[in-house]
Amino acid sequence: MEPIDPARRLDGSLLARRTLLLGAAAGIATLACPSVPRAQGETFRFGLTPVFLSNDLELLGKLRLYLATKLDVPVELVSRRTYQEITALLVSGQIHSAWICGYPFVQFRSALDLVATPVWQEKPLYQSYLITAADRDIDDWRQLRGDIHAYSDPDSNSGYLVTQALLIEGGLAKETFFSRYFFTYGHRNVIRAVARGLAQSGSVDGYVWEVMRRLEPDLVDQTKIVRRSEWLGFPPIASPKILASDTRISKLGSALVDMKLDVEGRAILAMLQLDGFAVEDEKLFDDIAAKVAILRSAT
């Protein structure tokens, strides 16, 4: 398989050593919202990855103000282009918490605490979708062989890991099944790439596909689902263990779980099309950990 601009991946040790470089190299995205009283050194930094539907400034403003009110400190929303960058900041404690993906969570489980997990369609679970163009005569994922394929991110569960594990378990060569591939660094971008013919197929977060189908039906209806994965742990909110004594982390967990009881919180959930957040056992992500083991065994 010939990669198109493949992402350069870091193992855990390299990631840890380059954390400071990553933090210095990328700009911090701070979203404007109604003012909150600021105190020197008290700002709570909350990270967002491309798994989050983050192109809506109104949503981001509401989220930031809600968290700042509940934590009683200023809140800064921090975004990066890749999962790897946010994970590096999180594991090192440079940000206090982040909405990440199940794949990096299980990779760095020993360094992270699970704060809360979103609940979607009454479950803390979601699926990975393999998609292709709506007018394509394909009804089995094996027919995607030879495609130019769009992945979301090399550290995405639904946008990379699930498909890689599927190929390995099917006895197929993950290096040659697709003729070429590229990373879009966003699930929305995977859908756009397939809809516009830049890719023949793609691996995408099922939650994002379903939400976008409601918000942008003209775009998403140009694609169709070829395969749905089993249900897997929804991308969680995590915090670094080295900040476990920070009382704001527990306040964050309470703020998320109680969001469905708050008027402003319900407005945010409605915009995210989530039912709420719940405290779950880390075993929820064991199936993702099993897929990581499958991928490592074939490397």
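When you scan the range 136-151, do you find a residue that is within 30 Å of residue 88 (Cβ to Cβ), of a type in the set (Lys, Arg), out of contact with any His (no Cβ under 8 Å at 6 or more places or on another chain) and not assigned by TED's automatic domain parsing to the domain that holds residue 89, even just one? No: the range 136-151 contains no residue that is within 30 Å of residue 88 (Cβ to Cβ), of a type in the set (Lys, Arg), out of contact with any His (no Cβ under 8 Å at 6 or more places or on another chain) and not assigned by TED's automatic domain parsing to the domain that holds residue 89.
Considering only the range 186-205, state which residues are part of a loop (DSSP other than H, G, I, E, B) and free of Cβ contacts under 8 Å to residues at least 60 places away in the same chain. Before the answer, list the steps.
Taking the range 186-205 and keeping what is part of a loop (DSSP other than H, G, I, E, B), we get 186, 196-200.
If the condition is that a residue be part of a loop (DSSP other than H, G, I, E, B) and free of Cβ contacts under 8 Å to residues at least 60 places away in the same chain, then 196, 198, 199 are the ones that fit.
Taken as a whole, the structure leaves residue 181 outside the set of residues that are of a type outside the set (A, V, I, L, M, F, W, C), outside any strand (DSSP E or B) and either in contact with a Cys (Cβ under 9 Å, 6 or more places away or on another chain) or crowded, with 22+ Cβ neighbours inside 10 Å (or both).
Within 23 Å of residue 235 (Cα to Cα) and out of contact with any Lys or Arg (no Cβ under 7 Å at 6 or more places or on another chain): which single residue out of 150, 165 fits that description?
Working: 165 fails: out of contact with any Lys or Arg (no Cβ under 7 Å at 6 or more places or on another chain).
The conditions single out 150.
If you go through the range 222-241 and keep only what is surrounded by fewer than 22 Cβ atoms within 10 Å (Cβ to Cβ) and either modelled with pLDDT under 95 or aromatic (Phe, Trp, Tyr) (or both), you end up with just 231. Can you name the residue in the range 59-83 that is in contact with a Ser or Thr (Cβ under 7 Å, 6 or more places away or on another chain) and in a helix (DSSP H, G or I) and is also surrounded by the most Cβ atoms within 10 Å (Cβ to Cβ) among such residues? Of everything passing the filter in the range 59-83, 83 is surrounded by the most Cβ atoms within 10 Å (Cβ to Cβ). All conditions but one from (1) part of a loop (DSSP other than H, G, I, E, B); (2) of a type in the set (Asp, Glu); (3) modelled with pLDDT of 95 or more apply to residue 210; the one that does not is (1).
Scan the range 265-297 for residues that are surrounded by fewer than 14 Cβ atoms within 10 Å (Cβ to Cβ), in contact (Cβ under 8 Å) with a residue 60 or more places away in the chain and either touching a Lys or Arg at 6+ places or on another chain (Cβ under 9 Å) or of a type in the set (Lys, Arg) (or both) and the total you get is 0.
Restricting 131, 148, 86 to residues that are surrounded by fewer than 24 Cβ atoms within 10 Å (Cβ to Cβ) and among the aliphatic types (A, V, I, L, M) narrows the list to 148.
I need the full set of residues from the range 249-264 which are under 21 Å from residue 126 (Cβ atoms) and in contact (Cβ under 8 Å) with a residue 40 or more places away in the chain, in order please. Show your work before the answer.
Within the range 249-264, the first condition is being under 21 Å from residue 126 (Cβ atoms), and the residues that meet it are 253, 256-257, 259-260.
Within the range 249-264, 253, 256, 257, 259 meet the criteria.
The values are calculated or read from the model by the stated rules, or taken from the named source; none is laboratory data. A quick note: this is a predicted structure, and the numbers were derived from the prediction, not measured. Cβ sites come from the backbone with ideal geometry, for glycine too, and all protein chains shown count toward neighbours.
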